[in-house]
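Down below is the structure, laid out as structure tokens.
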Ligand SMILES: [Zn+2]
């Protein structure tokens, strides 16, 4: 590391090598590399955004659109190469040069101009970088303004009677729950709510079921 060139110089060389024009789209396998770029630009160049990248596409997302994976799980580059029957024997995974050659071959094999155009992001959009670096988190305070009280209404799973939120939720790990007796059918109900703050919305995970007391051990 001692004898290596400073980041600013390496980046300058890289930008020159790229010969960027208005049609240049930067690709990476998952957006992790773009995150690293943002971090380096912040810390080493004191620049907020990676200005030389005007258009960006996540190749992993694009390639995944051709594949069905379990739970939509992200796939590794070598696994993707295998699915498209690309020989990888001479390639060493996670070596930058070899990884980019595999990306190139995958891209050539799957390129459909119209489809691909949907995956190109304009990094000049005002919210592009805030969205990129945003980390979703679990809301742990029910008073959070993002939680619409209507989200806390639920229906009795036994008799389907509508129950109204009464604000007596208990906190459990990163969720909220209450145990309540249904006024109509008298069954006890346990309702669990978990709120996740994404960049654009709050996502609710809700579980409503009949309460069954665990037998004492
Ligand atoms: Zn009921």
- Message: Given (1) at pLDDT below 85; (2) in the same structural domain as residue 191 (by TED's automatic domain parsing); (3) surrounded by 15 or more Cβ atoms within 10 Å (Cβ to Cβ), identify the lone condition not met by residue 162.
- Response: (3)
- Message: Criterion first (in the same structural domain as residue 84 (by TED's automatic domain parsing) and more than 16 Å from the ligand (Cβ to nearest atom)) does residue 115 satisfy it?
- Response: yes
- Message: With the requirement that a residue be more than 29 Å from residue 145 (Cβ to Cβ) and out of contact with any strand residue (DSSP E or B) (no Cβ under 9 Å at 6 or more places or on another chain), what does the range 185-213 give you?
- Response: 185, 186
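Kindly evaluate residue 160 against the criterion of being within 16 Å of the ligand (Cβ to nearest atom) and either assigned to a strand (DSSP E or B) or out of contact with any strand residue (DSSP E or B) (no Cβ under 7 Å at 6 or more places or on another chain) (or both). Steps first, answer last, please.
Numbers: within 16 Å of the ligand (Cβ to nearest atom): yes; either assigned to a strand (DSSP E or B) or out of contact with any strand residue (DSSP E or B) (no Cβ under 7 Å at 6 or more places or on another chain) (or both): yes.
Yes, satisfied.
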- Message: Any residue that is under 26 Å from residue 110 (Cα atoms) and outside any helix (DSSP H, G or I) - is there at least one of those in the range 8-19?
- Response: yes
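The values are calculated or read from the model by the stated rules, or taken from the named source; none is laboratory data. The shown structure was predicted, so the numbers you read here are calculated from the model rather than taken from an experiment. All Cβ positions, even for glycine, are placed from backbone atoms using ideal geometry, and neighbour counts span all protein chains on display.
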